[in-house]
Amino acid sequence: MNKYLDAAAIALEAIWAAKLRSFMTVLGNIVAVTSIIAVVSLIQGLNASVKEAIVNQAGADSFQIQQFPVTRSDEDFERVRSNPRISMQDARAIRRFDSPLIDAVMAGANAQGRITYRDRSIPDANVQGLTEEFSSFSGYDAERGRLMTPTEVEASRPVTVLGWQTADRLFGTEIDPLEKIVQIEGTHFRVVGVSAKKGSVLGRSQDGFALVPLGQFRMMFGARRPLNLTVKPTDLARIPEAMDDATIALRTARGLKPRQTDNFGMYTADTILDIYHSATNGIFAVLVGVVALSLVVGGIVIMNIMLMVVSERTREIGLRKALGARRTDIMSQMLTESVVLSVFGGVIGTLFGATIAQVIARFTPIPAELEVWSIFLGIGITAMVGLFFGLYPAMQAARLDPIEALRRE
């Protein structure tokens, strides 16, 4: 162990003695590892952000039923474009099926609408109309005040729960929004609660909404607005079985024959995440692969420099062999210097990459998430590069004849 530490110390002394040459030698590694750490951090941050947004929207404890299934091409969409709209009859059909695996069925709709309070107005808030079952789902909360009661929703009373950003834009910090009257598309609503802050995804806020009873929503935006159903299973481990029961209920209610395909779409948050990952994993792999090519360039530069080092230190190597150093000792010395030189570039690249990722996350909507494994990956790759590309120069040094080496000036 001591000989490797001594070799590492000698390598560090050589790096410090020729700082500029050492920096230029590992510049390829620095650029590669900087890019890898930055790209991986941004990818991880983006994945985490998208996952959180999808889970918040689709619900981790439920599954969605919509007019159209998830399609991946124009041809797929053409086959399902004639699907009938989701209706309240569909929600009632699932409830009547009385499956022990289904706990609640909520109908909902979305539209962009204007919300006004005195002289302040939001022209493009997300207005969500919900049925009374919404309180059974974990995605809805009230940090201040309360949620709408099932009685208020069922009776279509003009009450609303505002998202954090909606309340902030309308009332600021000086006015308590609770029990105030706002106008949504010209209709007066009493504010009964304000949701907790959910944050943003890629610069798009998740807090600019208003929840209202579905009956009020339909009076404002029309009854032909497309509905979607959110179904909560009694047991998360049995979501596929609950989806099967909901499918049977809908197919029966719609009179579909056994050979006919489903004329509705059904999916979970995991379904959307799988589609997202399948669409982006290839792109991310290509990005990392292209960036990794510079590691090969950096490795070739290290190999050339190490060959030059062997040439410069021929007499030193010959003297060591004459004093009893074995081939393995010479090889380990040269390999250690190569690995230390390469890892030196990896450490600098890791610091640069983490800094760049954090700067991008701070000044752009793209999030970043630095993972510990990516740091070990970046430094580990550079160590492997130094080992691989330092092997040939080390073998050349080990093969030197001590007598011939000592003759060289």
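Determine the per residue accessible area of the chain with all protein chains present and a 1.4 angstrom probe, expressed in square angstrom.
52
So how far apart, in nm, are the two label points at D270 and V70 if each is 7 Å from Cα heading toward Cβ?
1.2
Can you list, bin by bin at 10 Å, the percent of alpha carbon pairs in region 80-209, starting at 0?
Bin by bin from 0 Å, the calculated values are 11, 39, 31, 16, 3, 0.
Measuring from label point to label point, each 7 Å out along Cα→Cβ, what is the F376 to Q183 span in nm?
About 6.1 nm separates the two model spin labels.
Which number gives the lysine pairs in the chain that have C-alpha atoms under 25 Å apart and are eight or more places apart or on different chains?
9
Need the full-extension length gain, I366 to D119, defined as separation in residues times 0.36 nm minus the C-alpha distance. One decimal, nm.
85.6 nm
What translational diffusion coefficient, to the nearest whole µm²/s, does region 182-231 have by Stokes-Einstein, given a Kirkwood radius computed over alpha-carbon pairs, a temperature of 4 °C and 1.567 mPa s viscosity?
Translational diffusion coefficient: 98 µm²/s.
Among the helices of the chain (complete DSSP H runs), which have Cα atoms covering no less than 20 Å along the helix axis and a Kyte-Doolittle mean of at least 1.0?
27-58, 269-312, 327-363, 372-398
Taking the Cα-to-Cβ direction at M395 and at M88 and moving 7 Å from each Cα, how far apart do the two end points lie in nm?
8.0
Between T247 and S136, what length in nm is gained on full extension when 0.36 nm per residue of separation is reduced by their alpha carbon distance?
37.8 nm
Translational diffusion coefficient of region 64-153 at 37 °C, 0.692 mPa s, Stokes-Einstein with Kirkwood Rh over Cα pairs, in µm²/s as a whole number.
201
Of all accessible surface on the chain at a 1.4 Å probe, what whole percent is carbon and sulfur? Can you show the working numbers first?
On the way: 12430 of 21440 Å².
On the chain, the fraction of accessible area on carbon and sulfur atoms equals 58 percent.
Show Y140, Y117 ordered by accessible area, largest first, where the area counts protein heavy atoms only and the probe is 1.4 Å.
Final ranking, largest accessible area leading: Y140, Y117.
Report, in cubic angstrom per residue, the convex hull volume of the C-alpha atoms of region 162-205.
78
Could you let me know the centre-to-centre spacing of region 152-211 and region 61-110, using Cα atoms, in angstrom?
Taking the Cα centre of each part, region 152-211 and region 61-110 sit 27 Å apart.
What is the local net charge at E154, summed over the other residues whose Cβ is closer than 12 Å to its Cβ (Lys, Arg +1; Asp, Glu -1)? Please report the intermediate quantities before stating the final value.
On the way: positive: R157; negative: E132, E133, E152.
So the surrounding residues net to -2.
Sum up the charges of everything whose Cβ sits under 11 Å from the Cβ of W164, counting Lys and Arg as +1 and Asp and Glu as -1, but leave W164 out.
0
What is the local net charge at L250, summed over the other residues whose Cβ is closer than 14 Å to its Cβ (Lys, Arg +1; Asp, Glu -1)? Please list the in-between numbers first.
On the way: positive: R85, R92, R95, R96, R251, R254, K257; negative: D90, D244, D245, D262.
With Lys, Arg at +1 and Asp, Glu at -1, the net is +3.
Percentage of Cα-Cα pair distances in the chain greater than 35 Å, rounded to whole percent?
Percent of Cα pairs beyond 35 Å in the chain: 51.
The values are calculated or read from the model by the stated rules, or taken from the named source; none is laboratory data. Every value quoted in this text rests on a predicted model; they were computed, and no experiment measured them. Here the Cβ is made from the backbone with ideal geometry for all residues, glycine too, and neighbour counts use every protein chain on show. The area values use the complete protein model at the heavy-atom level, side chains included, leaving out ligands, DNA and RNA. Shrake-Rupley method; radii C 1.70, N 1.55, O 1.52, S 1.80 Å.
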